[in-house]
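A short reminder: the numbers here are calculations on the coordinates, not readings from a lab. Small disclaimer: the values here were computed from a predicted structure and weren't measured. Cβ placement follows ideal geometry from the backbone for every residue including glycine, while neighbour counts extend to all protein chains displayed.
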Amino acid sequence: MTASLTEKQHGVRELARAEERTAHNYHPLPVVVAHAEGAWMTDVDGRRFLDLLAGYSALNFGHSHPALVAAAHAQLDKLTLTSRAFVHDQFADFCAALGDLCGKDLVLPMNTGAEAVETAIKVARKWGYEVKGVPADQATIIVASGNFHGRTTTIVGFSDDPDARDGFGPFSPGFVTVPYGDLEALEAAIDATTVAVLIEPIQGEGGVVIPPEGYLRGVREACTRENVLFAADEIQAGLGRTGRTFACDHEGVVPDIYILGKALGGGIVPVSAIVADRDILGVLKPGQHGSTFGGNPLACAVGHEVVDMLATGDFQRRAEELGELLRTRLEAMVGHGVLAVRVRGLWAGIDIDPSVGTGRQVCEALMARGVLAKDTHGSTIRLAPPLVISAEDLEWGLDQLAEVVGT
């Protein structure tokens, strides 16, 4: 009896230890994961959970995808890090493959998504001074309200989320905020100092907010007309999540700079990058930007496998097909515990009726039923299942949500 009791309390002990010895910069659900495969995770007490978050899209290919694990294992036995002081044998192939996937000349690998956004900001400013001719230290970048591009001090300086921003100033100048989805406001904000428009083609942290049809095309046209770079933060939206390789593909739009991360590392190692043509990324010279681990051999080996998997188009098609199932089931819940839904591929924002509970309470109720999801901004929850999820498992997970909201 004592051994059984101890086993069942393993997760409780681990949660208490984490609470005691770590900074409280997250408020995780009370589950301690020990193993995962595909779309399923198992906690330290042996309970199984369907993962409908996929690491905020970092796990687009599920947990422990065999091809990705094999690529990582093979590289681990050979070479893991050189720093960019030297060139390694995985670097050129990865950069060429990712550049080809994006239809761009050059790739600058980094590690985290925020690091990639910071890189894009620096490149846009450098381009503005050296190519566009903006006077020194006067470059501005247009961003959108409701944005989430990371949590560095520069990035939170142009966030309107008080949790991300308050208490971390002073902030870097040079950013102009306009309402997301408002093309007229964006066009009116462009002036001679504008070097870039930095937006998410779909706002993930904001609750999977999809802009009006034609907005991305309008942004592209305005940037081209005004000689301004269009930098698309596809860190969450890109690499198959929305049923296309990139969310911008839904409007046939090609940005000047792709900002990529999360799924690029296959859920194994942090990998991010910005991808652009030579006339943009060529402004950087040795010593002006770098990263010790950026483009390391392990990251390149895994990232190259990710690109090869996406090049088949299979994952994009799967996200599109299962996305229709997701849309149909969620739309049926509107008016029955759900106020509104926004779906693009295998990605959904769900506004829960406050009478049902907060987003956190709904996620806790789902956890009790063996489903893991994440809330954002009060009564909104996000679903981002791994693209490898089966239709049957997706149906079961949505059945649990329907029970929780009272459909």
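Please count, across the stretch 66-311, the pairs of lysine residues with Cα atoms under 21 Å apart that sit 8 or more places apart or on different chains.
Lysine pairs satisfying the spacing and distance rule in the stretch 66-311 number 10.
Which ³J(HN,Hα) values in Hz, rounded to whole numbers, follow from the phi angles of the stretch 15-22 under the Karplus curve 6.51 cos²θ - 1.76 cosθ + 1.60, where θ = phi - 60° and Gly and Pro get x?
5, 5, 5, 5, 4, 6, 10, 10
Given an 8 Å cut-off on Cα distances and at least 6 residues of separation, report the relative contact order of the chain as a percent.
22
Using a simple spin-label model with points 7 Å from Cα along the Cα→Cβ vector, what separation in nm is obtained for Lys122 and His377?
With each label placed 7 Å out from Cα toward Cβ, I get 3.1 nm.
Hey, what do the phi angles of the stretch 384-392 turn into as Karplus ³J(HN,Hα) couplings, whole Hz, using 6.51/-1.76/1.60 and θ = phi - 60°, x for Gly and Pro?
9, x, x, 5, 8, 4, 7, 4, 5
Using label points projected 7 Å from each Cα along Cα→Cβ, tell me how many nm separate Asp161 and Ser355, to one decimal.
Result: 3.0 nm between the two label points.
Can you list the trypsin sites (Lys or Arg not before Pro) in the stretch 1-103 that are in a DSSP coil and have 12 or fewer other beta carbons within 10 angstrom?
In loop regions of the stretch 1-103 (DSSP not H, G, I, E or B), the sparsely surrounded trypsin sites (Lys or Arg not before Pro) are Lys78.
What distance in nm separates the two pseudo spin-label positions at Leu79 and Glu321, each 7 Å out from Cα along the beta-carbon direction?
Placing both labels 7 Å along Cα→Cβ, they lie 4.0 nm apart.
Quick one: Karplus J couplings for the stretch 94-100, per residue in order, coefficients 6.51, -1.76, 1.60, θ = phi - 60°, nearest Hz, x for Gly and Pro?
Per residue, the Karplus-derived 3J(HN,Hα) values read 5, 4, 5, 5, 5, x, 5 Hz.
Filter the chymotrypsin sites (Phe, Trp or Tyr not before Pro) in the stretch 37-142 down to the DSSP loop ones having no more than 14 other Cβ atoms within 10 Å, then list what survives. Please list the in-between numbers first.
Numbers: sites: Trp40, Phe49, Tyr56, Phe61, Phe86, Phe91, Phe94, Trp127, Tyr129; in loops: Phe61, Phe86.
Of the chymotrypsin sites (Phe, Trp or Tyr not before Pro), the ones in loops of the stretch 37-142 whose Cβ has at most 14 other Cβ atoms within 10 Å are Phe86.
When the label point is put 7 Å from the Cα of Lys285 along its Cα-to-beta-carbon vector, which residues of the stretch 103-135 have a backbone N closer than 19 Å?
Backbone N within reach: 122-135.
Sort 22-35, 284-297, 113-126 by packing, meaning the average of other beta carbons within 10 Å per residue, with the highest value first.
113-126, 284-297, 22-35
What percentages, rounded to whole numbers, describe P(r) for the stretch 1-160 computed over all alpha carbon pairs with 10 Å bin width beginning at zero?
Calculated P(r), rounded to whole percents: 8, 20, 29, 25, 12, 4, 1, 0.
222 nm [θ] for the chain, helices only, -39500 (n - 2.57) per DSSP H run of 4+, per residue, to 500?
After summing the helix terms and dividing by the residues of the chain, the value is -10500 deg cm²/dmol.
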